[in-house]
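Okay, structure first, notes after.
The values are calculated or read from the model by the stated rules, or taken from the named source; none is laboratory data. Note that this is a predicted model, so its numbers are computed, not measured. Using ideal geometry, Cβ is built from the backbone for each residue, glycine included, and neighbour counts are taken over all protein chains shown.
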């Protein structure tokens, strides 16, 4: 599978019988760049954060509501890991096949050895649909949240760990 070809992801979604709506757009490097796209797809984006522990031996993909504050200390405590930080770009590409700015749960298909743990903010489950990138940040897709959890994640072999993220630190 070609990591930089969104058509490969579209074909996979079709193979898995996951309906989606797509929009191509200018390169988006921040959540603010996606406001118009979100309106066009009529579904919220989620923040996708690639994290690692202090020793850089454990890697995580965190999916969190776009309007929720991410606190490293809170998530570290919830998963029992040493202080988390953002993972390096070369490791991100090696494990998920994407570059910074294009982080997406759809990249889990490239993590054949299951080196990335999937962490999900429970609040995302209240979204009927969410928008994500198809491994490039010049396109976005809206798909049913249930399809992501019930079809895509089982296909990749990644079992989500649900977290109650408040955005606050004790």
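Tabulated results
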item	result
Residue match in the stretch 14-30 (condition: within 15 Å of residue 143 (Cβ to Cβ), within 14 Å of the chain's Cα centre (by Cα) and in contact (Cβ under 8 Å) with a residue 24 or more places away in the chain)	no
Leading residue by the ranking (nearest to the chain's Cα centre (by Cα)) among those in the stretch 31-46 that are at pLDDT 85 or above and in a helix (DSSP H, G or I)	41
Those helices (runs of 4 or more DSSP H) lying entirely in the stretch 72-170 with at least 1 residues surrounded by 19 or more Cβ atoms within 10 Å (Cβ to Cβ) and touching a helix residue (DSSP H, G or I) at 6+ places or on another chain (Cβ under 9 Å)	89-96, 153-156
Residue in the stretch 47-63 that is at pLDDT 90 or above, farther than 21 Å from residue 152 by Cα, surrounded by fewer than 16 Cβ atoms within 10 Å (Cβ to Cβ) and touching a helix residue (DSSP H, G or I) at 6+ places or on another chain (Cβ under 8 Å) present	yes
Failed condition for residue 85, given (1) within 24 Å of residue 156 (Cα to Cα); (2) within 17 Å of the chain's Cα centre (by Cα); (3) modelled with pLDDT of 90 or more	(1)
Sole residue being free of Cβ contacts under 8 Å to residues at least 40 places away in the same chain and either in contact with a strand residue (DSSP E or B) (Cβ under 8 Å, 6 or more places away or on another chain) or under 17 Å from residue 131 (Cα atoms) (or both), chosen from 80, 112, 101, 87	87
Pairs with Cβ under 7 Å, 6+ apart, first in the stretch 35-49 and touching a residue at least 60 places away in the same chain (Cβ under 8 Å), second in a helix (DSSP H, G or I) and surrounded by fewer than 20 Cβ atoms within 10 Å (Cβ to Cβ)	44/38; 45/31; 45/38
Residue count for the stretch 3-23, restricted to those that are surrounded by 12 or more Cβ atoms within 10 Å (Cβ to Cβ) and assigned to a helix (DSSP H, G or I)	7
